[in-house]
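What follows is a set of notes on a single structure, which appears directly below.
The values are calculated or read from the model by the stated rules, or taken from the named source; none is laboratory data. Just so you know, these numbers come straight off a predicted model, no measurement behind them. Cβ placement follows ideal geometry from the backbone for every residue including glycine, while neighbour counts extend to all protein chains displayed. Each accessible area value is taken on the protein alone, full model and side chains, heavy atoms only, with ligands, DNA and RNA left out. Shrake-Rupley method; radii C 1.70, N 1.55, O 1.52, S 1.80 Å.
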Amino acid sequence: MRARSALFDVYGGYLRGRGGAAAIAALVRLLEPLDFGAPAIRTAVSRMVRQGWLVPVRLPEGPGYALTPRAERRLDEAAARIYRTGPSTWDGRWHVVVLEELPSRVARERLASSLRLLGYGPLGPATWVAPRPSPELADVLADVPARVFHGAHDGADAELAATAWDLDELGADYTGFVAMWEPVMAAVDGSVPAEAFAASQRLLHSWRKFLFRDPGLPAELLPENWPGRAAAEFFDRHTARLAPAVTKFLDDCLTRGGKQRSTA
């Protein structure tokens with residue numbers, strides 16, 4: 001885990017619902033259980049400011065950083081796919097992106113990475129599909145000539161999904177995720193808030209890697225006994241179990257040395 005990724009997780013998982021801002025001193029305290037020092041955090045914050053994810057603000061407890069509207073959109077969309085044991089929102093249509101011309105290899109790889117993160121899978125070099133549109137797609141395609149539209153597939157939707165995403169490999173990795181993390185999470189009882197926070201953050205960091213590979217397909221497009229469902233329930237269960245201890249640690253880090261920023 002890198003400091004920048006840890007900061008995204010902290011802002012998305014906790015600070016987004018608390019006004020989206022924190023003092024730099026609080027961020028240092030929050031990431032201490034993850035073995036990040038102040039210099040690494042300040043460097044990561046500076047990079048996120050340059051990239052347009054954070055903006056400096058003055059808080060009652062001192063200098064801090066707040067999410068930009070762009071960061072809020074990215075984190076809200078990611079959250080909807082991270083915590084995904086709720087009902088499907090698929091309307092039976094696919095969101096289709098057809099590139100009018102292929103960019104250079106380096107630009108194409110960068111574009112492919114961005115599209116995958118937004119939940120799109122390739123049907124070919126120039127055609128990508130997703131079960132729902134992404135609010136960030138316009139930003140990703142800002143300099144890329146493309147046609148974008150909604151459409152129903154004239155054929156088996158499950159076959160289309162299996163073409164755009166390697167569901168066999170993905171399912172095996174979900175099974176491996178639960179096998180790897182089950183003993184780790186069982187060893188954390190929540191009695192030590194800092195330990196609970198660190199375990200919850202590491203679990204989240206590992207889980208959100210699936211965002212690059214899983215668009216959150218509805219159940220009717222997935223194989224029977226889909227391992228991703230059990231993995232999502234595992235993630236939700238342990239996140240909820242440790243939530244009281246994590247909240248206690250978060251409250252302490254945000255209020256120590258000054259009054260917590262109001263979210264009103």
Quiz item: Can you name the number of the only condition in (1) open to solvent by 20 Å² or more (accessible area, probe 1.4 Å); (2) more than 30 Å from P125 (Cα to Cα); (3) assigned to a helix (DSSP H, G or I) that S200 fails?
Solution: (1)
Quiz item: Do we find a residue being over 30 Å from G62 (Cα atoms) and part of a helix (DSSP H, G or I) anywhere in region 249-264?
Solution: no
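Specify the residue that is most open to solvent (accessible area, probe 1.4 Å); the eligible residues are those in region 114-129 that are closer than 16 Å to D166 by Cβ and within 18 Å of the chain's Cα centre (by Cα).
Looking only at region 114-129, we keep the residues that are closer than 16 Å to D166 by Cβ, and these are 115-116, 119-124, 128-129.
Filter once more, keeping what is within 18 Å of the chain's Cα centre (by Cα): 115-116, 119-121.
Values: L115: 0, R116: 96, G119: 4, Y120: 2, G121: 0 Å².
The qualifying residue most open to solvent (accessible area, probe 1.4 Å) is R116.
When you scan region 76-94, do you find a residue that is farther than 17 Å from L217 by Cα and either in contact with a helix residue (DSSP H, G or I) (Cβ under 8 Å, 6 or more places away or on another chain) or at pLDDT 95 or above (or both), even just one? Break it down into steps so the answer makes sense when it comes.
Within region 76-94, the first condition is being farther than 17 Å from L217 by Cα, and the residues that meet it are 76.
If we keep only those that are either in contact with a helix residue (DSSP H, G or I) (Cβ under 8 Å, 6 or more places away or on another chain) or at pLDDT 95 or above (or both) too, we end up with 76.
Checked region 76-94: at least one residue is farther than 17 Å from L217 by Cα and either in contact with a helix residue (DSSP H, G or I) (Cβ under 8 Å, 6 or more places away or on another chain) or at pLDDT 95 or above (or both).
For A172, state whether it is surrounded by 18 or more Cβ atoms within 10 Å (Cβ to Cβ) and assigned to a helix (DSSP H, G or I).
no
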Quiz prompt | Residues satisfying the stated conditions in region 205-226, i.e. buried (at least 19 other Cβ atoms within 10 Å of the Cβ), within 14 Å of the chain's Cα centre (by Cα) and modelled with pLDDT of 90 or more | solution = W207
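I'd like the full set of residues that are touching a residue at least 60 places away in the same chain (Cβ under 8 Å) and among the hydrophobic types (A, V, I, L, M, F, W, C), limited to region 181-199. Talk me through it step by step, then tell me what you get.
At the first step, the residues of region 181-199 found to be touching a residue at least 60 places away in the same chain (Cβ under 8 Å) are 194-195, 197-198.
Within region 181-199, A194, F197, A198 qualify.
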Exercise. Within region 4-30, track down each residue that is farther than 14 Å from G64 by Cβ and either touching a helix residue (DSSP H, G or I) at 6+ places or on another chain (Cβ under 8 Å) or basic (K, R) (or both).
Key: R4, S5, A6, F8, D9, G12, G13, Y14, R16
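Looking at S134, S191, which one is over 25 Å from E109 (Cα atoms) and either over 20 Å from the mean Cα position of the chain (by Cα) or surrounded by 14 or more Cβ atoms within 10 Å (Cβ to Cβ) (or both)? Reasoning before the result, please.
Working: S134 fails: over 25 Å from E109 (Cα atoms).
Going through S134, S191 in turn, the sole match is S191.
Of everything in region 14-28, what is in a helix (DSSP H, G or I) and open to solvent by less than 10 Å² (accessible area, probe 1.4 Å)? Give them in sequence order. Break it down stepwise before answering.
Of the residues in region 14-28, the ones in a helix (DSSP H, G or I) are 14-18, 24-28.
Matches in region 14-28: L15, A26, L27.
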Quiz item: Of the residues that make up region 66-75, is at least one modelled with pLDDT under 90, in contact with a helix residue (DSSP H, G or I) (Cβ under 6 Å, 6 or more places away or on another chain) and crowded, with 20+ Cβ neighbours inside 10 Å?
Solution: yes
Quiz item: Cβ-Cβ below 9 Å, separation at least six or inter-chain, first residue in region 96-108 and open to solvent by 30 Å² or more (accessible area, probe 1.4 Å), second part of a helix (DSSP H, G or I): which pairs?
Solution: L102/R108; P103/R110; P103/L111
